[in-house]
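Readers should treat all values here as calculations from the given coordinates under stated rules, not as data from a laboratory. Treat the numbers as computed from the prediction; the structure is a model and nothing was measured. Here the Cβ is made from the backbone with ideal geometry for all residues, glycine too, and neighbour counts use every protein chain on show.
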Amino acid sequence: MARQPRLCLPGFAHHVIQRGNNRQAIFKDKADFEFMLQLLLEYCRSFKLDVHAYVLMDNHFHLLLTPHTDNGLPQMMQAVGRRYVQYFNRRHGRTGTLWEGRYRSTVVQTERYLLACMVYIDLNPVRAGMVGQAADWPWSSYGSHAGMRQDRLLTPHALYWSLGNTPFAREAAYADLVQTGLAADQQTALTQTTLSGWALGDDAFVASLQTHTPRRLVPGRPGRPIQAKSD
C-alpha cells in the first residue's frame, strides 16, 4: 500500500518528530546542538514557519510549529536535514545517512492539544531520565517559556499568551503546567498520532480539517467492508 502524503496545512499547528537512523546519536556535543538551532532559525524564517516549542535530544528532536505556506514545512525539513547531515558527517568523520527515513508529523487541534504538546515536548528529557527537571535541559524551549532566557527561534503561540496578562504570570502558569505533567492517555495520543500521521483532535476538528485536504485524516475501521448479498 502506498503511504499517504504528510499533512502540511498553513495556519495550523504541527507536531514534528525526526529520529536518528537506528536510534544513533545525532548530537554528540554542544557544537552539534548549537548548529542545529542555527539551521532551524535560518530555515524556519526563510520558509515562513513559527516555532512554538522544541527539544533536541541525543538521537531525535521534536518541533511544534505553524507553517504559513503550503510547502514550508517539508521544504524547511529537507533543507535542515541536508545541511545538518553534511555538517555532521564532515565534523565527525563519517559517511552515509543520519536520519531514520522521513520525518513524522501531524496537525494538532489548538484549543485541546497545543499547550499539552508544548508540555510534552519540554518534558521529553525528564521522561527519558536524562535530567530531573525540564529546567535542567538547555536544548529545549522550556527555558524561554518559563522566563529563564530569551530564545530567538521561538514565536509564542496566542494560547501561550493567554496564560497570563504579564510575562511573569504566563511564565509561572506554564511552569505549573509542566510541573503537573500530562496524563498517560495524552502522552500516548501525542506520540501515536505524530508517528502515524493522523490528525490529533476531536471529531468536529477533524471534520473541519478534512475540508482543507483530500487526504484521509483518521485511520479506517479494521477489516474488509461487508459486501451486500445479491438476491
### Task
Pull up the range 69-105, narrow it to residues that are β-branched (Val, Ile, Thr) and either over 17 Å from the mean Cα position of the chain (by Cα) or not in a helix (DSSP H, G or I) (or both), then point me to the one that is surrounded by the fewest Cβ atoms within 10 Å (Cβ to Cβ).
THR95
### Message
Contact list please: Cβ distance under 7 Å, first residue in the range 43-65 and without any contact (Cβ under 8 Å) to a residue 40 or more places away in the chain, second residue among the β-branched types (Val, Ile, Thr) and assigned to a strand (DSSP E or B), pairs at least six apart or on different chains.
### Response
LEU49/THR66
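If we scan the range 152-163, do we find a residue that is in contact with a Gly (Cβ under 7 Å, 6 or more places away or on another chain) and either without any contact (Cβ under 8 Å) to a residue 12 or more places away in the chain or closer than 30 Å to THR213 by Cβ (or both)?
Taking the range 152-163 and keeping what is in contact with a Gly (Cβ under 7 Å, 6 or more places away or on another chain), we get none.
Within the range 152-163, not a single residue is in contact with a Gly (Cβ under 7 Å, 6 or more places away or on another chain) and either without any contact (Cβ under 8 Å) to a residue 12 or more places away in the chain or closer than 30 Å to THR213 by Cβ (or both).
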### Message
Where the second residue is among the hydroxyl-bearing types (Ser, Thr, Tyr) and the first is over 11 Å from GLY147 (Cβ atoms) and lies in the range 166-179, which pairs have Cβ atoms under 9 Å and are six or more apart or on separate chains?
### Response
VAL178/TYR142
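Just checking, which of GLU34, GLU100 is in contact with a helix residue (DSSP H, G or I) (Cβ under 8 Å, 6 or more places away or on another chain) and of a type outside the set (A, V, I, L, M, F, W, C)? Can you show your working first?
On the way: GLU34 fails: in contact with a helix residue (DSSP H, G or I) (Cβ under 8 Å, 6 or more places away or on another chain).
None of the others qualify; the one that does is GLU100.
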